[in-house]
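A.B. asks: Please find one structure pasted underneath; my questions will follow.
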Amino acid sequence: MATTSLSAQASGILRDDTASAYLGSAGAGRATDTSAGAAFNNPAGLAYLQQREVQGTLLLIEDSFTFHDQGSTGTNPDYEQRRKSTDYGVGLSGGGSLFYGQPLGEDWGFGLALASPAGGATDFGDNWAGSNFIESVEVMIGVAQASLGYRINDQWSVGASLGVSYMSWELTLDPFPGAEETLTLDDTELAWALGLLYRPWQHTSLGLRYVAGVEHQLRGDTAMSTPMGPVHDQATQQFNLADLVTFSVQHQLTPALSLLADIEWAQWSDMDRSLIEHDNGPTILVPRNWQDAWSGALGVHYQVSSALTLKAGIAYDESAVSKVNHKLDPPVDRQIAYAAGLSWTLSPSTQLDLSYQYLDLGDIEVNQTIEGFDPIAGQPFSQTVSGHSEAHVHILSLGLAHHF
């Protein structure tokens, strides 16, 4: 179920609201979830389940990335014949999630979650001017976890989640003219989260979620083709997923209208560099210098009838990458998400959710330089990529929830 999705998880880099029915409100209110989706959004919400429930979500994603060259240079023999400006999106991709929840007695709730909350892919092509930096990259993060919620009293509940985080990472680049290398790395690590839910009044909920950061030590095979023949090796890369703290509010203003809000903090400052270490080859060091980032979201739910509820929302994520540290990967700046959706009650036990989100990833300025050595020509080479990149993503989500 955890298939590749071009979404992003929290503040400034990656958003995780695509993994549940809260995509229609741009993620606003997700930490107040009391459905089966609470197994992912906030385990404390599972304590309010009244019956068994299954939720499934399918995603259709279309991305568009464009790089506009502004004076890139290189000493590669074929540099002038290479494409400078380029559209490098991967087009259509998909994703999905699956959640299960059930009550355990009067005060306890249990849930399972399978989701792909984050990932992305870009493909510049093998004839791009900056191929010594990157030709293509594909990242996928999948989470499988079990969650437990306990209701302390009518107002307070707590919860915890424990599971695994799987990350795969595939990178293709030209380490020197005439050569192409593909690294295929992955890793599985322990993941956990804590949740708190407070309902001070009948129509108001406040949720707090903490997701522990995961240090992925990715490892796998590398394969390089050169004029001198193929070269195979093993490599390792570390990638730190941020600690996340999410606070959500949901308030039913009238019998038909509910207001939702989110604020989230992500500790991306641990991501100070990317280091790829080959067992029998060079070490590639890319400075990152990411910074902690905040995000916020506002949403509304409007119940048109007993069967139909409309949703809308907007979210803003500040960039975890400062202007001076922008790189070709990831090609994102600040992010703005615009969302809309609807929930349709098909029967007393079945609900259909349809949501759309437009994600504006900003406009980044890039000025990267690489100095390398060409063993074929026996001389050094250099390359500088200068320009700006624009990116946006369309996400369509279809969800189905069924009570037993």
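The values are calculated or read from the model by the stated rules, or taken from the named source; none is laboratory data. If you're wondering where the values come from, they're calculated on a predicted model, not measured in any experiment. When we count neighbours, we look across all protein chains shown, and the Cβ atoms used for this are built from the backbone with ideal geometry, even at glycine. Surface areas here come from the heavy atoms of the whole protein model, side chains and all, with no ligands, DNA or RNA. Shrake-Rupley method; radii C 1.70, N 1.55, O 1.52, S 1.80 Å.
A.B. asks: Identify, please: which residue in segment 278-299 is among the hydrophobic types (A, V, I, L, M, F, W, C) and buried (at least 17 other Cβ atoms within 10 Å of the Cβ) and is, among those, farthest from GLY399 (Cα to Cα)? Walk me through it before giving the result.
C.D. replies: First, the residues of segment 278-299 that are among the hydrophobic types (A, V, I, L, M, F, W, C): 284-286, 290, 293-294, 297-298.
Filter again for buried (at least 17 other Cβ atoms within 10 Å of the Cβ), leaving 284, 290, 293, 297-298.
Values: ILE284: 42, TRP290: 34, ALA293: 30, ALA297: 21, LEU298: 21 Å.
Restricting to residues being among the hydrophobic types (A, V, I, L, M, F, W, C) and buried (at least 17 other Cβ atoms within 10 Å of the Cβ), the top hit is ILE284.
A.B. asks: Right, something else. Residues to consider are GLY56, GLY91, GLY120; find the one that is touching a Leu at 6+ places or on another chain (Cβ under 7 Å), of a type in the set (Gly, Ala, Ser) and either open to solvent by less than 10 Å² (accessible area, probe 1.4 Å) or more than 30 Å from GLU371 (Cβ to Cβ) (or both).
C.D. replies: Working: GLY91 fails: touching a Leu at 6+ places or on another chain (Cβ under 7 Å); GLY120 fails: either open to solvent by less than 10 Å² (accessible area, probe 1.4 Å) or more than 30 Å from GLU371 (Cβ to Cβ) (or both).
Within the list GLY56, GLY91, GLY120, the selection yields GLY56.
A.B. asks: Residue by residue through segment 19-47, note down the ones that are closer than 23 Å to LEU104 by Cβ, in contact with a Lys or Arg (Cβ under 6 Å, 6 or more places away or on another chain) and assigned to a helix (DSSP H, G or I).
C.D. replies: Matches in segment 19-47: ALA31, ASN41, ALA47.
A.B. asks: Quick one: ALA339 ticks every box in (1) at pLDDT below 95; (2) buried (at least 18 other Cβ atoms within 10 Å of the Cβ); (3) of a type outside the set (Lys, Arg) except a single one, so which number is it?
C.D. replies: (1)
A.B. asks: In segment 64-103, how many are in contact with a strand residue (DSSP E or B) (Cβ under 7 Å, 6 or more places away or on another chain) and not in a strand (DSSP E or B)?
C.D. replies: Summing the residues that are in contact with a strand residue (DSSP E or B) (Cβ under 7 Å, 6 or more places away or on another chain) and not in a strand (DSSP E or B) in segment 64-103 gives 11.
A.B. asks: So, one more: Answer with yes or no whether PRO230 is open to solvent by 70 Å² or more (accessible area, probe 1.4 Å) and either out of contact with any strand residue (DSSP E or B) (no Cβ under 9 Å at 6 or more places or on another chain) or modelled with pLDDT under 95 (or both).
C.D. replies: Numbers: open to solvent by 70 Å² or more (accessible area, probe 1.4 Å): yes; either out of contact with any strand residue (DSSP E or B) (no Cβ under 9 Å at 6 or more places or on another chain) or modelled with pLDDT under 95 (or both): yes.
So PRO230 passes the test.
A.B. asks: Mind checking which residues of segment 320-339 are over 20 Å from LEU23 (Cα atoms) and not in a helix (DSSP H, G or I)? Spell out how you get there, then give the answer.
C.D. replies: Going residue by residue through segment 320-339, those that are over 20 Å from LEU23 (Cα atoms) are 320-331, 333.
ALA320, VAL321, SER322, HIS326, LYS327, LEU328, ASP329, PRO330, PRO331, ASP333 - these are the residues of segment 320-339 that are over 20 Å from LEU23 (Cα atoms) and not in a helix (DSSP H, G or I).
A.B. asks: With of a type in the set (Val, Ile, Thr), in a strand (DSSP E or B), open to solvent by 10 Å² or more (accessible area, probe 1.4 Å) and closer than 25 Å to ASP69 by Cα as the only criterion, which of THR345, THR369 stands out?
C.D. replies: Working: THR345 fails: closer than 25 Å to ASP69 by Cα.
That would be THR369, the only listed residue that is of a type in the set (Val, Ile, Thr), in a strand (DSSP E or B), open to solvent by 10 Å² or more (accessible area, probe 1.4 Å) and closer than 25 Å to ASP69 by Cα.
A.B. asks: I would also like to ask the following. Being open to solvent by 60 Å² or more (accessible area, probe 1.4 Å), assigned to a strand (DSSP E or B) and touching an Asp or Glu at 6+ places or on another chain (Cβ under 9 Å) is the filter here, so list the residues in segment 129-172 that pass it. I'd like the intermediate steps shown before the answer.
C.D. replies: Of all residues in segment 129-172, those open to solvent by 60 Å² or more (accessible area, probe 1.4 Å) come to 138, 148, 150, 152-156, 162, 164, 166, 170.
After this cut, where a residue has to be assigned to a strand (DSSP E or B) as well, the list is 138, 148, 150, 156, 162, 164, 166, 170.
GLU138, TYR150, VAL164, TYR166, GLU170, listed by residue number.
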